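The structure appears right after this line, and notes come after that.
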Amino acid sequence: MIWGGGILQKWGVLDFAGGIVVHNTAGLAALASVLYVGRRRFRDGGAHSIPLVALGTGLLWFGWYGFNAGSEFKVDAVTAIAFLNTDVAASFAAITWLLIGWWQEKRPTFVGLLTGAVAGLATITPAAGYVSPLTAVIIGIAAGAVCFFAVALKNRLHWDDALDVWGVHGVGGFLGIVLLGVFATTAFNPAGTDGLIAGNVSFFLKQLVAVAVSSVWAFGFTYGMLWVIDRFTPVKVEESAEESGLDAALHGETAYLETG
């Protein structure tokens, strides 16, 4: 609908590298899955290895340069600005999440810093090639704050979203599309458009409609799909498999051996 001459693209909706197409739809599909499948019976012990979390985040961040800048499909000034905006937004989001977490939890955490970076990457994605570096700073700070409190809300509601896909990617993608509607400028991409700040109310409203439609579509379709699948094969594993761990139950191997 948004890429390749789809109906929303023809209507004037913009999404540079997948704020709706990737992150918002994935986040709402994750939320539908979390609500349909329900919580795990056995509490998650948290990250098995923070160094591996850091390694994974570094690989994601590096790959995101190609993900965002590569969406221009050529090397020009827009490619460069998308690359720079990606780095700026992730950096400011990481520090913002770290500081808010420090304030809320009375201590800074490395996992918080890393999660904030991913939130910034997800949020800048739809706007990377359409906004200025200064706007990327604003988007990064907004991403770190809004996604932090989205994850905090998830925790209070006891939604079992192990990787915070809704709070980071779903909310981040939603926020990025909305902020693109506010801050888009043809000064940095003549092929784009101007946003709300430049007086283009119509474009802002189109972004709102597009992200609302995608959210309802992704959530509703995923929930319905899970319901249909559940009629044929259970979507939640047996309690015994959950207790032993899926590595052992499905593969006959255990990745992390517990020692007394």
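Summary table below
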quantity	calculated
Which of Gly173, Leu14, Ala89, positive extreme of dipole for the chain (C-beta unit charges)	Leu14
Residue with peak Gaussian network fluctuation, the chain [Cα springs, cutoff 10 Å], from Leu157, Leu114, Leu31	Leu157
Cα-based shape type of segment 1-62, given that a ≥ b ≥ c are square roots of the gyration tensor eigenvalues and the cut on a/c is 1.5	oblate
³J(HN,Hα), Karplus 6.51/-1.76/1.60, whole Hz, each residue of segment 218-233, x for Gly, Pro	5, 5, x, 5, 5, 4, x, 5, 5, 4, 5, 4, 5, 5, 9, 8
Cut-off 14 Å between beta-carbons: net charge of the residues surrounding Ala143, Lys and Arg +1, Asp and Glu -1	-2
R0 of 25 Å, Cβ-Cβ distance Leu134-Ala77: FRET efficiency to nearest 0.05	0.95
C-alpha long axis of helix 77-105 to longest principal axis of the chain, angle in °	50 degrees
Dipole magnitude of the chain, debye to nearest 20 (Cβ charges: Lys/Arg +1, Asp/Glu -1, about Cα centre)	600 debye
Residue of Lys206, Lys154, Lys236 that the Gaussian network model of the chain assigns the largest fluctuation, springs spanning Cα pairs under 10 Å	Lys236
Environment charge at Leu175 (Cβ cut-off 15 Å; Lys +1, Arg +1, Asp -1, Glu -1)	-2
Solvent-accessible area of Phe221 with every protein chain in place, 1.4 Å probe, in Å² to the nearest 10	120 Å²
Cα centroid separation, segment 1-17 to segment 52-104 (Å)	23 Å
Area of Met225 that stays accessible when all protein chains are in place (1.4 Å probe, Å², to 10)	80 Å²
The chain: most fluctuating residue of Thr233, Thr186, Thr96 per GNM, C-alpha cutoff 10 Å	Thr233
Helical contribution to [θ] at 222 nm, DSSP H n ≥ 4, -39,500 (n - 2.57), averaged over the chain, rounded to 500	-20500 deg cm²/dmol
For Ala82, net neighbour charge (Lys/Arg +1, Asp/Glu -1) across residues whose Cβ lies under 11 Å away	-3
Crossing angle, helix 50-69 versus the chain [Cα axis fit, 0-90 degrees, rounded to tens]	30 degrees
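The values are calculated or read from the model by the stated rules, or taken from the named source; none is laboratory data. On a predicted model such as this, the values are computed, not experimentally measured, just so you know. A quick note on method: Cβ atoms are made from the backbone with ideal geometry, for glycine too, and the neighbour counts reach across all protein chains shown. When the accessible area is computed, the model is the full protein with side chains, heavy atoms only, and any ligands, DNA or RNA have been set aside. Shrake-Rupley method; radii C 1.70, N 1.55, O 1.52, S 1.80 Å.
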